[in-house]
Amino acid sequence: MPTTATAKAVQSPHFDLPPLPYPHAALEPVISRETLELHHGKHHKKYVDTTNELLKKEPLQARTLEEVVRASQGKLFNNAGQAWNHDFYWKSLSPQPQRPAGALLARIDADFGGYERFAEAFAAAAAAQFGSGWAWLVEKDGKLQIQTTANAETPMARGVRCLLTIDVWEHAYYIDYRNQRERYLAAVIGERLNWKFAEQNLR
Ligand SMILES: [Fe+2]
């Protein structure tokens, strides 16, 4: 690009749909290939595409998706937030069952009274989120906490460190579990959370 008088104009970033960190069928039988193809290839993609479209119309001085989420509101926030949340969700899931270990397990023991209690509380909070939203394991004020957010909202936008998330929008589970959100949550929390990713986020 040649340097021109307009070079100082606000230049919005452009985002690509990040690839899934595993094949579409890798989370079966907990989450089906069909769900992942639709959820990543259609829903997540639409949020990324719409974010790019909106940024073309209303340029924003930002480099990263995190910066766009933190600096935006309304329709742009909803789409950029969902783009970020979904990327974080794919990373929060693991094809292999895992359990927290080491320093992270010690923090869970201290802040929740053990892994089993954490798992129960996480499932209960996620089940109780009314309508569309997200359940999060976060670190805030030096403690691990469970938070839930509605629609596209994310603790990241408020400067809270996110460790893991579960999508509780119906599109995340309706193909595999119909309206039974609790069954989806039990399977994901029991067999598909990526505790290594949570550990990386805690550092
Ligand atoms: Fe989703």
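Values quoted throughout were computed directly from the atomic coordinates according to the rules given, and no laboratory measurement underlies them. Keep in mind that this is a model prediction, so the values were computed, not measured. No Cβ is skipped: glycine too gets one built from the backbone with ideal geometry, and neighbour counts run over all protein chains shown.
Worth a mention:
- Spatial separation of Cα centroids for region 25-101 and region 164-181, in angstrom: 15
- In plain terms, the chain from Val10 to Asp109 could stretch by 30.9 nm, reckoned as 0.36 nm per residue minus the Cα-Cα distance.
- Cα coordinate range in region 92-170, projected on the principal axes (Å, largest first): 33, 28, 22
- Per residue, the convex hull volume that the Cα atoms of region 59-115 enclose (Å³): 135
- Residues Thr149, Thr154 arranged by fewest to most Cβ contacts within 10 Å: Thr149, Thr154
- Between 0 and 90°, nearest 10: helix 45-57 axis offset from the chain longest Cα axis: 30
- Full-stretch length increase - Lys57, Lys42 - with 0.36 nm per residue and alpha-carbon distance subtracted: 3.2 nm
- Modelled FRET efficiency - R0 30 Å, Ser132 with Arg99, Cβ distances, 0.05 increments: 0.55
- FRET efficiency, Glu34 to Gln200 (Cβ-Cβ, R0 30 Å, nearest 0.05): 0.55
- Counting only Cα atoms, region 1-113 measures 58, 37, 29 Å along its principal axes, largest extent leading.
- Restriction of the trypsin sites (Lys or Arg not before Pro) in region 86-192 to DSSP coil positions whose beta-carbon has at most 15 other beta-carbons within 10 angstrom yields Arg178.
- Length-normalised contact order for the chain - Cα pairs under 8 Å, 6+ apart - percent: 23
- Candidate lysines - alpha carbon under 21 Å from Lys140, same-chain residues fewer than 8 apart omitted: Lys91, Lys196
- The chain: Cα Rg divided by the 2.2 N^0.38 Å rule of thumb: 1.08
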